[in-house]
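Data block below; observations after.
What follows is calculated from the coordinates using simple rules that are stated; it is not laboratory data. The shown structure was predicted, so the numbers you read here are calculated from the model rather than taken from an experiment. In this analysis, Cβ positions are derived from the backbone assuming ideal geometry, glycine residues included, and neighbour counts consider all displayed protein chains.
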Protein chains: 2
Amino acid sequence: MANRKIDEFTAVTKALGDPNRVRALLALLQKELCVCQVVELLGLAPSTVSKHMAVLKQAGLVESRKEGRWVYYRAAADEVPEEVKEVLEWVSNCCSGSREAQEDSRNLEGILSMDPEQLCQLQGNRC
Amino acid sequence: MANRKIDEFTAVTKALGDPNRVRALLALLQKELCVCQVVELLGLAPSTVSKHMAVLKQAGLVESRKEGRWVYYRAAADEVPEEVKEVLEWVSNCCSGSREAQEDSRNLEGILSMDPEQLCQLQGNRC
DNA sequence: CTTATATTTCGCCATATGGCGAATCGTAAG
DNA sequence: CTTACGATTCGCCATATGGCGAAATATAAG
């Protein structure tokens, strides 16, 4: 990210400026997740989560992969500028020890224990 | 900043989410400045700059020092958590090479060449 | 004590942001 | 082709944010 325009830098910091996006990112650093799983984790509407994912992706912090009807997101890792990796590490170092992040990690285990299809059913056809 | 609550983390990232605040911070990393000088650099109203300084200070990124009627701000440095220093270094590494930052640096030289008192006069008694 | 002045606070406005539900899109399955 | 469904886009609302000028604060100077 060195030598970038300030606006590009603030695109990243803005993306990291929302607690729910940080929570999502911390989860995505642990595991690749589909939107439904993030919805379950954050307790937000699918449309809201989708928007958050778009912001994180626009900032270059996450990547996505489409598989059938599902879209999987993960923290940026492949062929990514060194600076992005450093940012992700920074976020992780700063937040992964927090109470909220630890609780999210615990919830994430439960979410991962069922398959996405089953999960989406439980969400009352919200997505 | 390790193990902080996510809200404390986003206080920092939010503070870094505005281009004018980043520009101010980059200047403050180079030199301690009074509000009038930042006003001159950014071309914003004194009240606006004052608010920006408050946000940066709240986030722990800058410190201030009062000297008579003047308030001087500088990038946090003394007895500051290691993590804050790393953030400041990150901002500097990311942005100080940008065109905007370089232009600001050039303008800053001119601003520093006159004394603050003189500068405030030129600002048409706006502050 | 009064005046001048650097900064901050306050009140206001315009725009941005985060949230939701409804509608749309894209793809798998009947 | 039609249906089902996960994800996204759209339209809307409430709140947050960044901007300014005016008023208030605090301190130096007369």
Would you be so kind as to identify all helices of chain B, as entire DSSP H runs, whose Cα atoms reach 27 Å or more along the helix's own axis and whose mean Kyte-Doolittle hydropathy is at least 0.0? none
Mind listing the label-point distances from B:Glu82 to the same position on all other copies, shortest first, one decimal in nm, points 7 Å along Cα→Cβ? 2.1
homo-copy label distances at B:Ala54 (7 angstrom along Cα-Cβ), nm, one dp, ascending, are 3.4
Scan chain A and report its longest stretch carrying no trypsin sites (Lys or Arg not before Pro) that are both in a DSSP loop and have at most 11 other Cβ atoms within 10 Å. A:1-68
Shortest first and in nm, the label-point separations between A:Glu100 and its counterparts in the other identical copies (7 Å out along Cα→Cβ) come to 2.7
Using a Gaussian network model of chain A whose springs link C-alpha atoms within less than 10 Å, name the residue from A:Val62, A:Val91, A:Val80 with the highest mean-square fluctuation. A:Val80
Contour minus Cα-Cα span, A:Lys31 to A:Glu100, at 0.36 nm per residue, comes to 23.1 nm
Reference-scaled alpha-carbon Rg (2.2 N^0.38 Å with N residues) for the protein assembly as shown: 1.17
For B:Gln58 and A:Thr48, FRET efficiency with R0 = 30 Å and r from the beta-carbon atoms, rounded to 0.05? 0.65
Averaged across A:13-21, how many Cβ atoms of other chains sit within 10 Å of each residue's Cβ atom? 6
Simple Cβ-charge dipole of the protein assembly as shown, Lys/Arg +1 and Asp/Glu -1, about Cα centre, in debye nearest 20: 780
So for the stretch B:6-119, considering every pair of alpha-carbon atoms, how many percent are separated by more than 18 Å? 46
Just want to confirm a number: the relative contact order over chain B, from Cα pairs under 8 angstrom separated by 6+ residues, in percent. 30
